[in-house]
Number of protein chains: 2
Amino acid sequence: LSLTFCALEEIPEVRPGDSLGTMLVEASPHPLSSEHVVVVCHKVVSKAEGRLRRLDSVSPGEQALELARAYEKDPRMVEVVLSETQTLLRQQRGVLICETVHGLVCANAGVDASNTGSGEEVVLLPSDPDASARRLRHEMCMAGASPPGPGVIVSDSFGRPWRVGQTDVAIGAAGIRVLDDWRGRRDSFGRELQATQIASADSIAAASDLARRKDGRRPAVCVSGAEHLVTMANGPGAKALQRARDEDLFR
Amino acid sequence: LSLTFCALEEIPEVRPGDSLGTMLVEASPHPLSSEHVVVVCHKVVSKAEGRLRRLDSVSPGEQALELARAYEKDPRMVEVVLSETQTLLRQQRGVLICETVHGLVCANAGVDASNTGSGEEVVLLPSDPDASARRLRHEMCMAGASPPGPGVIVSDSFGRPWRVGQTDVAIGAAGIRVLDDWRGRRDSFGRELQATQIASADSIAAASDLARRKDGRRPAVCVSGAEHLVTMANGPGAKALQRARDEDLFR
């Protein structure tokens, strides 16, 4: 039982329209296949998909102006955040905790200003991160990965209630069992394990972040040893990791 | 940049008073040193420390009886959970979300009935998981690991708000930087990274869980490639990962 996380090589600056899957295949020192899981930082995915917004093109509305005033933020940035937000869960001390249009819960609806090249340009989350993961898997196969291709995870760094610091989670996925269900299996004493559903894709995303550098030049990690989680079909994706609102005790 | 997670060999059933650190050194196929981080499932730590409770010795109080009635639970189990609880944050659909006496937020105050050998015996969290991690590090050095010894993480599986499934987190730590602080460093465009504190110990704990089997026979994982996080001093431990109550937007 052994898992290895290895950062792929540096890739060139990603521009809208680039085939990121091809770039990842080229950045891998070995052929990619269903023996691997490739974890990609969402930011390069968003860039390839043109999910960028120039702040000078944004006209903040009333709510954005008000929030920006209260928390000393750029009202244009707040406007972009609100445009990606379904429900604003908390607003305190300059932090906006949002349920995004995708159903993800995170700070600033995942809108990010770092690693963009210009302070005037911000990066949004992919509009459908599971579709992004499927597309990446397809592009990788087109570029030479053995079909059905590696499992693919699109990741982002999220804060957590109760705990300090961020961990990466899977916001998009294709070809990987995002939940590993141990319910019904037995422990070493033969007793049935209870309530054990492991968020395997989140765990893989978290550790991948440790194998990357934060400066953005090596945005992808290849995981070996997790082939038991890779599936032929693309599957339900990371959506399956989102807890339904009415099953959530903290919303 | 590469991280490897490798399960240590099977260890014998752990009993109160056992030197778990010695057992881990013996279960490692290679000498352990500060080039490694050893992640240990809390359950064996608790067993070595005698943190077990026989349910037939427990007399449930009024609150336990009431909660047990409402949620069809064993009142003795609920009594043990309450004895480990500082604040009951949520009680719904049979789930008790507790802030434990340690300040951890988790279901059932971490009290667990699986992998104990008897349904009448439950396992509590170690009373001071950071002290447990320090003790393990010391025991490993006594048993032959090169001083100052590997970084040590004591882990448990926690649920999360908003997301389905559990991930392992670091409830105790020694000799490891549990937070990797990237604030002030610069991205690939030279702009300062904001709000980037990586919960490295939680990320390592999460992936370690994927390298273990859930049946409890191989409760420890050796991580290579994370030596930059290992410290000479035991440090503040996993306590540093607990968000202060008044800085928490969801308590």
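The values are calculated or read from the model by the stated rules, or taken from the named source; none is laboratory data. Owing to the predicted nature of the structure, the values given are computational and were not obtained by experimental measurement. Here Cβ is always computed from backbone atoms with ideal geometry, including for glycine, and neighbour counts include all displayed protein chains. Please note that ligands, DNA and RNA were not included when accessible areas were found on the heavy atoms of the full protein model with its side chains. Shrake-Rupley method; radii C 1.70, N 1.55, O 1.52, S 1.80 Å.
Of note:
- Annotation: per residue accessible area for the protein assembly as shown equals 39 Å², rounded to a whole number [probe 1.4 Å, protein chains only].
- Mean partner shielding of peptide A:164-175, defined as the number of other chain Cβ atoms within 10 Å of each residue Cβ, is 5.
- Spin-label pair A:V101-B:R185: with each label point 7 Å from Cα along the Cα-Cβ axis, the two points sit 3.3 nm from one another.
- Solvent-accessible area, 1.4 Å probe, carbon plus sulfur percent, for segment B:1-121: 46
- Copies compared at A:Q86 - label distances in nm, ascending, label defined 7 Å from Cα in the Cβ direction: 3.3
- Going from the isolated chain to the complete set of protein chains, segment B:142-163 loses at least 30 Å² of heavy-atom accessible area (1.4 Å probe) at B:R160, B:P161, B:W162, B:R163.
- Helical mean residue ellipticity (222 nm; -39500 (n - 2.57) per DSSP H run of 4+; nearest 500) of chain A: -7000 deg cm²/dmol
- Approximating the spin labels as points 7 Å out from Cα along Cα→Cβ, the B:H228-to-B:A131 distance works out to 3.5 nm.
- Per-residue shielding of A:196-205, expressed as the average number of other chain Cβ atoms within 10 Å of the residue Cβ, stands at 6.
- Nm distances between copies for A:R54, ranked from closest, using label points 7 Å along Cα→Cβ: 7.6
- Note on segment A:158-188 and segment B:236-251: Cα centroid distance 21 Å, given to the nearest whole angstrom.
- The mean count of C-beta atoms from other chains within 10 Å of the C-beta of residues in A:234-246, rounded to a whole number, is 2.
- Zone of B:L65's modelled label, taken as backbone nitrogen in segment B:75-98 under 19 Å from a point 7 Å along Cα→Cβ: B:75-83
- Just so you know, the Rg over Rh for segment B:37-136 is 0.98, from Cα atoms, with Rh as the Kirkwood radius.
- Burial order of peptide ranges A:7-16, A:87-96 (average beta-carbon count within 10 Å, highest first): A:7-16, A:87-96
- Hull volume in cubic angstrom per residue (convex hull over the Cα atoms of chain B): 135
- Across all Cα pairs in segment A:208-251, the calculated P(r) in 5 Å bins from zero up to the longest distance comes to 5, 14, 14, 15, 17, 17, 15, 4 percent per bin.
- As a calculated quantity, the FRET efficiency between B:S146 and B:D74 at R0 = 35 Å, using C-beta atoms, amounts to about 0.15.
- Most tightly packed first, judged by the mean number of other beta-carbon atoms within 10 Å of their residues, the peptides A:200-211, A:224-235, A:29-40, B:122-133 read A:200-211, B:122-133, A:29-40, A:224-235.
- Computed extension length for B:E121-B:D248: 42.3 nm, one decimal, from 0.36 nm per residue of separation with the Cα-Cα distance subtracted.
- Axis between B and A by rotation; chain B residue with nearest Cβ and distance in whole Å recorded as B:A207, 2.
- Label distances, nm, B:L1 versus same residue in remaining copies, Cβ-directed 7 Å point: 2.8
- Above-threshold pairs, the threshold being 24 Å between Cα atoms, out of A:K239/B:K239; A:K43/B:K239; B:K73/B:K239; A:K47/A:K239; A:K73/A:K239; A:K239/B:K43: A:K239/B:K239; A:K43/B:K239; B:K73/B:K239; A:K73/A:K239; A:K239/B:K43
- In this structure B:R76 has an accessible area near 60 Å², from a 1.4 Å probe over the protein heavy atoms.
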